Amino acid sequence: MSDTIETGAAAPPDIADDVLVRRHAALQRRLAVEERHLRVPGSEDDALDLKMKIAIPGLTWLLKLSGLWNTARANATKLHLRHLEWRVPGLPADLDGFTILHVSDLHYPRKNNGYAEAVEALLDGVEADLAVFTGDYRYGHLGETDHVPRHLASLLSRIRTQHGAYGILGNHDTHDMAEPLRSTGLRLLINEGTEVEVGGTRLWLAGSDDPHSMKADDFGAALQGSEPGDFVVALVHTPELAHQAAAAGARLYFCGHTHGGQVCVPGWGPIETNCRMPRKYLHGEWEHDGMLGLTTAGLGTTDVPVRLNCPAEAHRITLRRA
């Protein structure tokens with residue numbers, strides 16, 4: 001693995017040296033976690049290894065014993081596109097009617113069972129001003145990933161966007177996937193940001209690396225280059241940077257990771273939250289200090305290919321002036 005700093009575009013000449021240092025430090029944290037958890041099967045004291053040996057077989061056994069296994073498997077193949085309209089206080093006039101397609105947690109399996117084609121059928125011909133992908137492109141934690149760019153490129157060719165598609169890495173993705181993902185046309189942001197000109201308004205996309213498992217986030221570095229008055233949109237794999245992003249002035253926040261629980265009990269909710277945040281942030285729309293957020297349940301599954309009371313979903317959001 002290379003330990004060089006890779007970004008979506010050449011760094012501007014005025015980028016601060018301390019930001020480059022911080023990005024490098026974040027990358028080193030990611031590479032260290034990848035080496036422990038995503039490269040070599042875990043040791044006996046490895047939490048991931050424990051999950052693979054106990055939690056996943058336990059859930060599989062429970063679903064089969066309860067007679068819900070076939071239903072849960074079938075639910076995982078039923079994909080939905082949700083249409084939302086957000087009233088945003090202080091939304092610039094140029095962004096009134098602006099549309100954003102949000103896709104997360106694709107989790108493409110290596111052995112394709114028709115899932116990739118189902119995703120393409122769901123999003124084929126969908127039009128949006130901007131598409132954002134909030135991480136986790138591959139299924140599982142170990143193994144080859146060469147199939148992922150092929151599926152993603154095919155999907156991107158079917159989506160119609162005016163300003164392109166931008167994405168970040170998740171906790172199931174490795175850093176050496178970055179360049180293959182970029183080759184698909186996805187503009188990957190790793191603790192960096194970029195501007196999107198919409199009329200006379202600058203929309204700033206701030207893309208953070210994963211804060212949950214990789215501990216590789218630096219939202220401040222993702223704001224480097226933004227200007228006062230920019231309409232800042234945060235792209236984070238999990239909702240765990242909501243407080244920080246809102247404090248930094250972000251207006252919108254898009255994330256996934258939780259799968260909405262993937263398996264939810266009526267009246268209780270998800271069996272596993274997989275997130276260090278209050279439950280209101282685990283799935284659906286939320287607000288934090290004036291910042292509007294969306295935690296999608298995502299389209300794919302991982303560990304166990306099932307869903308109960310938590311449909312797979314992508315979203316198309318239309319922004320409106322409040």
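All of the numbers you see were taken from the coordinates with simple rules; none came from a lab. Computed from a predicted structure; not experimentally measured. Every residue, glycine among them, receives a Cβ derived from its backbone with ideal geometry; neighbour counts consider all protein chains shown.
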**Q.** Additional length obtainable on full extension of the chain from LYS280 to GLU197, 0.36 nm per residue less Cα span
**A.** 26.6 nm
(Q) Under a crude label model (7 Å from the Cα following the beta-carbon direction), how far is VAL21 from ALA93 in nanometres? (A) 4.5
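Among 217-228, 167-178, 128-139, what's the highest-first ranking by average C-beta atoms within 10 angstrom per residue?
On the way: 217-228: 19.6, 167-178: 23.4, 128-139: 25.1.
Ranked by mean Cβ neighbours within 10 Å, highest first: 128-139, 167-178, 217-228.
Of LYS78/LYS215; LYS64/LYS280; LYS64/LYS111, which ones are farther than 27 Å apart at the Cα? Walk me through the intermediate numbers first.
Working: LYS78/LYS215 32 Å; LYS64/LYS280 30 Å; LYS64/LYS111 22 Å.
Pairs exceeding the cut-off: LYS78/LYS215; LYS64/LYS280.
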Q: With only Lys, Arg, Asp and Glu charged, each at its Cβ (+1 for the first two, -1 for the last two), find how big the charge dipole of the chain is about the Cα centre; round to the nearest 20 debye.
A: 1180
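Out of the DSSP beta bridges found with both residues in the chain, what percent are antiparallel (nearest 5)?
Numbers: 18 of 53 bridges.
The antiparallel fraction comes to roughly 35 percent.
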Q) Remind me, relative contact order of segment 17-321 in percent, using alpha carbon pairs under 8 angstrom and six or more residues apart? A) 24
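Once the Cβ-Cβ distance between THR77 and ARG160 is put in as r, and R0 is 22 Å, what FRET efficiency do you end up with, to the nearest 0.05? Each step should come with its number before you reach the end.
On the way: r = 25 Å, r/R0 = 1.13.
For R0 = 22 Å, the calculated efficiency reads 0.35.
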Q) Got a sec? Charge dipole of the chain, +1 on Cβ for Lys and Arg, -1 for Asp and Glu; which of THR184, TRP69, ALA222 is way out at the positive end? A) TRP69
**Q.** Neighbour-limited loop hits for GluC sites (Glu not before Pro), segment 116-176 (at most 13 other Cβ within 10 Å; DSSP other than H, G, I, E, B)
**A.** GLU144
Q) So which trypsin sites (Lys or Arg not before Pro) in segment 157-211 are both in a DSSP loop and have at most 15 other Cβ atoms within 10 Å of their Cβ? A) ARG158
Q) Highest GNM mean-square fluctuation, the chain, Cα pairs closer than 10 Å: which of HIS237, HIS37, HIS283? A) HIS37
Q | Positive-end residue, segment 17-321 charge dipole about Cα centroid, Cβ charges, pick of GLY260, VAL236, TRP204 | A | GLY260
(Q) What are the ³J(HN,Hα) couplings of segment 254-262, residue after residue, when phi is run through the Karplus curve with 6.51, -1.76, 1.60 and θ = phi - 60°? Round to Hz, x for glycine and proline. (A) 10, 7, x, 6, 6, 6, x, x, 6
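Which value, in debye to the nearest 20, describes the size of the charge dipole of segment 188-268 about its Cα centre when Lys and Arg Cβ atoms bear +1, Asp and Glu Cβ atoms bear -1, and nothing else is charged?
Values: 3 positive and 10 negative charges, 55 e Å.
My answer is approximately 260 debye.
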Q) Which loop-located chymotrypsin sites (Phe, Trp or Tyr not before Pro) does segment 240-320 contain, where loop means any DSSP state but H, G, I, E or B and the Cβ has at most 10 other Cβ atoms within 10 Å? A) TRP268
